Structures are given as C-alpha cells and as structure tokens.
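One structure below.
The values are calculated or read from the model by the stated rules, or taken from the named source; none is laboratory data. Note that the coordinates shown come from a computational prediction; the quantities given were computed from them, not determined experimentally. All Cβ positions, even for glycine, are placed from backbone atoms using ideal geometry, and neighbour counts span all protein chains on display.
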Amino acid sequence: MAERKKIARPSADVLETLRKTMSEAEEAGLSLAASRSRFATRRREVSSEGDLAHPSTEYRTAFQRDRDRIVHSRAFRRLKHKTQVFIPFEGDHFRTRLTHTLEVSQIARTIARALRLSEDLAEACALGHDLGHTPFGHSGEKVLNWILTGTDEQVILPREVAAKAGSFKHNYQSVRIVDLLERRYEMPGINLTDESREGILKHTTWKKDFPFPLPEREGLRLDRACHLEGQIVSWADEIAQQAHDLEDGLAGLAPSRLREVEIAGVTGALEGESGDSISLIGRARLIRGIIAILVTDLIVASAARIEKWLTDQKVSSPEDFQRKKDKLPGSLVSFSKDGERMYHDLKEFVYRYVIQMFPIARNDGRARIVVRGLFSAYHENPRLIADYVLKRYSEEGGVPYLREVPLANAEVEVKRNYRNRPMFLRLIADHLAGMTDTYALSEYGALTGAYPSGAEWRNV
C-alpha cells in the first residue's frame, strides 16, 4: 500500500508575506474613521479552537473570517425558509429573510466602500444581523416576546418563573446564536470578533439593561454608540426593508396610489404607467430609483458629518481614532434632513398600504396561532420537544434526559425540573426562534392534525 503523502503547508515566510500584503491592502483603502481588523478582539483566541486549517488561512482578515463563519453556519442557511413580510411559498419572487439579508449586505458594502470604512466588517454585521429572527417575521417575534414577558392573554406562564426567563428581541437572539447556540467547534458559538457581535446587536434598537440572557456581554459596549460600520448596517437594513417590502406589495397597488410617495424621481419612474397595476419594468425602475436616492443621500450626508467629527476630535491616525471611538455619536451615519423626510415618507406609505394588506394580516394571525400553540404544548408536555433539544437541556441544566426517565416518574420530573424553571422557558424560546416557517407549520400540524402524516407512521 502506497504511503500517503502529507499535505503541504505554506512556509512561515509565505504566510508572513500574505499577512503583510493583506494588511497593506486593507490599510490603503480605509479612512481614519474605519474599524481596522488589526484592532479587532475576540472572546477566545482562534488558535484555541484546535482547527488544523487555521495556520494556513491567515490570508483572511479578522472580519473576513467572521463573514465566512456566518455564511457557513446552520442559522444562516435557515434564513431561506423564514418569512420576511410576504409568505415565500405563496409566490416565487417574494423576499425571504435570506434574500433580505443579502440585499442589506449589498447596500451596506456599497455605503462602506464609498465612505472608505471597513467593507468586510459591514458585510459580516449585515450577514449576521437577522440570524435570531423567528419564523413568520416580526409577527412571530412579537408573540414570543408577549409570552415570555407574561403579557400574552392566551399563554399564561408562572409569573415568578417568566420574570426570570427574560424577554425576546431578535437582535439579542442573533448574538445569542453566534455566542452560544451555533455549534461548529468544541466550544459554544462561532467566536466572532467583538466588532461583528456589536454590529449584529446594534443594527436595531438596544438597551444596556434589556432583560435578555446574553451569554457574554463583554465586548458589546452596550452603553456606547455602535462603530460606523454598524451604523451603516442599521440604515442599510431600513433602506432594503422599505424598498423591497414596497416592491413585494406592488402587485396590489395602482400607479395612482404610488404617486403619493414623495421621493424625487418617483413620478418619472411611473411615466407611461396606467391601469390597475404597474409593469415589471416600472416596478424595477421605481425600486432602484428609491434605493439610489436614499443611499446617495446617506453617503453624502454621512461623509460630511464624519469628516467634521474627525476634525473636531483632532483625530490624526488610526490609533488615535481607536482611542477615541467610545466618543462616537450614534448618528454620524444618517440622512440629511431632506433624505430623512423622504425615508419617513416611504416608511409611512409602506406601513399604511403594504403591511396592512390581507395576506400579511393573515400571516400575522397564523403566527400568533402557531407560536402560541407550540409554546403551550412544549411547556405543558416537554416530551413533545425534539430529542436534540431535550438532550441540550439535560446537559446544560444538569437534569436527567427526559426520554430515559421512567414513564411513571415523567410527570413528577416535568413539574420539578421543567415547567417551573426559567431555563426551560428560554430553551423553548431558543427552539421556536430557530425554527423555519415550514418546520413550525409542520410541527404545529403534527400536534393538531386529526391524522398524523409524518414518516414515523409509514411503517406501522
């Protein structure tokens, strides 16, 4: 048998050359206000992960590594089956949570490059920002939060237990996923840089003392404004969301109604459009015009603010900026007054005429029924939860694995170590938040349908 040849590894000199070239290329394109990968911090050293490939992949910056870890995660892949606003399986071209994420990433990268900020960090934050979203979009998120905070009228939890379990918000859940729930290494989480973790959390509103069980608060700078790349992602998320929600709802809107959107160029985009609906070309022309106008305004207005802040703070080097980053205002990346007015006009229009549409209202109702139903069922009878979830609870909660508890003792075990423990409520929340729409509907159907249709019955 021929002896297997060892895989050749790059020499130390080659790797050092790659690192130097990479660092120089990054530095050359960045402004003083950019987050630099050489200043990035992690909760754990990459070398501690025990991956033999790491020594030969040093041609990636820290933020590029973050991006790759997010893209290869299971949570990222699940986004393709999670609702954005319209139900994906009711139309081939509606956005999903995944396509929304890709659009946010594209817009964020464009803005970051124009402002000479870290495109890699902006991309990583954008790709990870919605990992913690529930099935059924914001509808599922709201119901889960009502349940956990004890304000839901149909799912009544023990008040003293719920008070210790915490509430729910998808941006905090996204950090919980990358810090704890995603498993690709021996240790929990995917060990992102603090800069990426912070940008993921702060893509929408946050509070320093929000009652949510983050596994690790260090590095998130909860009492500070986000870095500029994170501020970019926050606005890229808003621009993408309003623009594509409008596009997804255009089939139900007449051109005459669309002229109420007071954004420069909209009237021109609709020239020649008549009848009950706008043409496909007209839709594309309208949406790309809106995005271009808002992105351009954001870039121009932000560039002026950033430059003024650097001058006022007398920032003269990247090291100087790093020392003063805690002083960053949270509004350096934002629209001009005209741009802000256009954005709010668009958002108001979308919420009035698109979000109120019947298909979306029906999905909201479905979300409430399914999330409430599953949470109640799991809380009442934990034996209905998947094996891998019960095993995780057994390992982390220090309780017997429920499947191995004698049936005669199961109810006593449930009362003692499940229903009345905040950790179990959080376990249900983690499980439900991680579900795709299709999985949640399948689970709900399996529990409530008159006849089971799962594969487990086919050989009976």
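Among the residues in segment 206-228, are any small (Gly, Ala, Ser), buried (at least 22 other Cβ atoms within 10 Å of the Cβ) and either in contact (Cβ under 8 Å) with a residue 40 or more places away in the chain or closer than 23 Å to Ile428 by Cα (or both)? No, that holds for no residue. Does segment 179-193 include one or more residues that are among the small types (Gly, Ala, Ser), at pLDDT 90 or above and part of a helix (DSSP H, G or I)? No, every residue in segment 179-193 fails to be among the small types (Gly, Ala, Ser), at pLDDT 90 or above and part of a helix (DSSP H, G or I). Filtered by the rule that a residue be touching a residue at least 12 places away in the same chain (Cβ under 8 Å) and out of contact with any strand residue (DSSP E or B) (no Cβ under 8 Å at 6 or more places or on another chain), segment 349-364 gives Phe349, Val350, Tyr353, Val354, Ile355, Met357, Pro359, Ile360, Asp364. Assess whether Phe89 counts as being modelled with pLDDT under 90, outside the structural domain of Phe375 (by TED's automatic domain parsing) and among the hydrophobic types (A, V, I, L, M, F, W, C). When the stated conditions are applied, Phe89 passes them. Checking each residue in segment 188-233 for being over 19 Å from Lys169 (Cα atoms) and among the β-branched types (Val, Ile, Thr) picks out Ile190, Thr193, Ile232. Per this entry, Asp364 is counted among residues that are in a helix (DSSP H, G or I), modelled with pLDDT under 90 and either acidic (Asp, Glu) or touching a Cys at 6+ places or on another chain (Cβ under 8 Å) (or both). Among the residues making up segment 321-344, those that are in a helix (DSSP H, G or I) and either of a type in the set (Lys, Arg) or surrounded by 16 or more Cβ atoms within 10 Å (Cβ to Cβ) (or both) are Phe321, Arg323, Lys324, Lys325, Lys327, Lys337, Gly339, Arg341, Met342, Tyr343. Applying the condition of being part of a loop (DSSP other than H, G, I, E, B) and buried (at least 22 other Cβ atoms within 10 Å of the Cβ) to segment 194-205 and asking which residue is nearest to the chain's Cα centre (by Cα) yields His203. Suppose the filter is modelled with pLDDT under 75 and within 20 Å of Glu103 (Cβ to Cβ); does Ile263 pass it? Yes: the conditions hold for Ile263.
I'd like the residue in segment 300-317 that is β-branched (Val, Ile, Thr) and surrounded by 18 or more Cβ atoms within 10 Å (Cβ to Cβ) and, out of all such residues, is farthest from Glu103 (Cα to Cα). Result: Val315.
Okay, residues lined up against (1) touching a residue at least 40 places away in the same chain (Cβ under 8 Å); (2) farther than 17 Å from Ile232 by Cα; (3) surrounded by 15 or more Cβ atoms within 10 Å (Cβ to Cβ); (4) within 26 Å of the chain's Cα centre (by Cα):
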{"residue": "Glu319", "(1), (2), (3), (4)": "no, yes, no, no"}
{"residue": "Lys347", "(1), (2), (3), (4)": "yes, yes, yes, yes"}
{"residue": "Arg366", "(1), (2), (3), (4)": "yes, yes, yes, yes"}
{"residue": "Ala386", "(1), (2), (3), (4)": "yes, yes, no, yes"}
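Would you mind telling me which numbered condition in (1) farther than 21 Å from Asp364 by Cβ; (2) touching a residue at least 60 places away in the same chain (Cβ under 8 Å); (3) of a type outside the set (Ser, Thr, Tyr) Ile156 fails? Ile156 satisfies every listed condition except (2). Being buried (at least 17 other Cβ atoms within 10 Å of the Cβ), part of a helix (DSSP H, G or I) and either among the polar types (S, T, N, Q) or more than 27 Å from the chain's Cα centre (by Cα) (or both) holds for only one residue in Val371, Val414, Val399, and it is Val414.
Residues satisfying the criterion are absent from segment 108-124 (criterion: within 18 Å of the chain's Cα centre (by Cα), of a type in the set (Ser, Thr, Tyr) and modelled with pLDDT of 95 or more).
Inspect all residues belonging to segment 439-446 and state whether any of them is more than 28 Å from the chain's Cα centre (by Cα) and closer than 27 Å to Leu79 by Cβ. Checked against the condition, which is being more than 28 Å from the chain's Cα centre (by Cα) and closer than 27 Å to Leu79 by Cβ, segment 439-446 yields at least one hit.
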